[in-house]
1. Of all residues being within 23 Å of Ala35 (Cβ to Cβ) and surrounded by fewer than 18 Cβ atoms within 10 Å (Cβ to Cβ) in the range 55-68, which is farthest from the chain's Cα centre (by Cα)? Just the residue, please.
2. What do you reckon, is Glu20 among the charged types (D, E, K, R), farther than 18 Å from Ile118 by Cα and open to solvent by less than 70 Å² (accessible area, probe 1.4 Å)?
3. Hey, could you check the range 135-157 for residues that are surrounded by 11 or more Cβ atoms within 10 Å (Cβ to Cβ) and either β-branched (Val, Ile, Thr) or closer than 16 Å to Glu66 by Cα (or both) and say which is farthest from the chain's Cα centre (by Cα)?
4. Taking the conditions exactly as written (surrounded by 15 or more Cβ atoms within 10 Å (Cβ to Cβ) and in contact with a Lys or Arg (Cβ under 7 Å, 6 or more places away or on another chain)), does Tyr36 satisfy them or not?
5. I'm trying to understand the selection: among the residues of the range 113-134, which are open to solvent by less than 90 Å² (accessible area, probe 1.4 Å) and assigned to a helix (DSSP H, G or I)?
6. Condition first: within 14 Å of the chain's Cα centre (by Cα), open to solvent by 40 Å² or more (accessible area, probe 1.4 Å) and without any contact (Cβ under 8 Å) to a residue 24 or more places away in the chain. Now tell me which residues in the range 70-104 satisfy that.
7. Taking the criterion of being in contact with a His (Cβ under 6 Å, 6 or more places away or on another chain), surrounded by 15 or more Cβ atoms within 10 Å (Cβ to Cβ), within 23 Å of Asn127 (Cα to Cα) and modelled with pLDDT of 95 or more, would at least one residue in the range 42-53 satisfy it?
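The values are calculated or read from the model by the stated rules, or taken from the named source; none is laboratory data. Predicted, not measured: the structure shown is a model, and the values here were computed from it. Quick reminder, even Gly has a Cβ in these numbers, built from the backbone with ideal geometry, and neighbours come from all protein chains shown. The area values use the complete protein model at the heavy-atom level, side chains included, leaving out ligands, DNA and RNA. Shrake-Rupley method; radii C 1.70, N 1.55, O 1.52, S 1.80 Å.
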Amino acid sequence: MVEAIDTDLTRIFDTIEYPEAFRITYLANAIVFPAYAAIKQDFGLVRAEYILLACLSHFDVLTAQEVARISRRPRNTISRAVHSMLEQGYLDRAADPADGRQSKLKITPAGRALHERIAGYLRRRQNDVLAALDAQERATLATLLKKAALNAAKLDH
């Protein structure tokens, strides 16, 4: 007889050597993988393409390199996404007058509309995953995650 494996997640959550990182990764995966699968199915976009739209929805103009830094995604992945999104009319590109090797990217009205539709997928999944938290816990989590994320951004500079 095969013995059942204990899959109680508290076991690994409480004993792993890097508990916060593991839990953050677990939660991020629980949110993004199902949401990005639905985004791919419904809109035909891969994760980097949507991340590009999300970043450009919150900044007037960015370079692909800046998007990669903001999103912590590989530059080559963002570069491929830029080409695809330009072809589809979701982005505009202009030469960077300060650096001829770079292009300035801007989201088009069609890209902004698409971002607004897709953001709902991630927001709903995030709300489902975090539904066990009350409003105060959710606010505390948001504050702590922002503080940690801003600190992580400083580590790379």
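1. That would be Phe59.
2. For Glu20, the condition - among the charged types (D, E, K, R), farther than 18 Å from Ile118 by Cα and open to solvent by less than 70 Å² (accessible area, probe 1.4 Å) - is not met.
3. The extreme case among them is Thr140.
4. Numbers: surrounded by 15 or more Cβ atoms within 10 Å (Cβ to Cβ): yes; in contact with a Lys or Arg (Cβ under 7 Å, 6 or more places away or on another chain): yes.
Yes, satisfied.
5. Passing the criteria: Ala113, Leu114, His115, Ile118, Ala119, Gly120, Tyr121, Leu122, Arg125, Gln126, Asn127, Val129.
6. The answer is Ile70, Arg72, Pro74.
7. Yes, there is a match, as at least one residue in the range 42-53 is in contact with a His (Cβ under 6 Å, 6 or more places away or on another chain), surrounded by 15 or more Cβ atoms within 10 Å (Cβ to Cβ), within 23 Å of Asn127 (Cα to Cα) and modelled with pLDDT of 95 or more.
Matching residues to (1) polar (S, T, N, Q); (2) touching a Leu at 6+ places or on another chain (Cβ under 8 Å); (3) under 20 Å from Arg124 (Cβ atoms):
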| residue | (1), (2), (3) |
| --- | --- |
| Arg23 | no, no, no |
| Val32 | no, yes, yes |
| Glu66 | no, no, no |
| Ile70 | no, yes, no |
| Asn76 | yes, no, no |
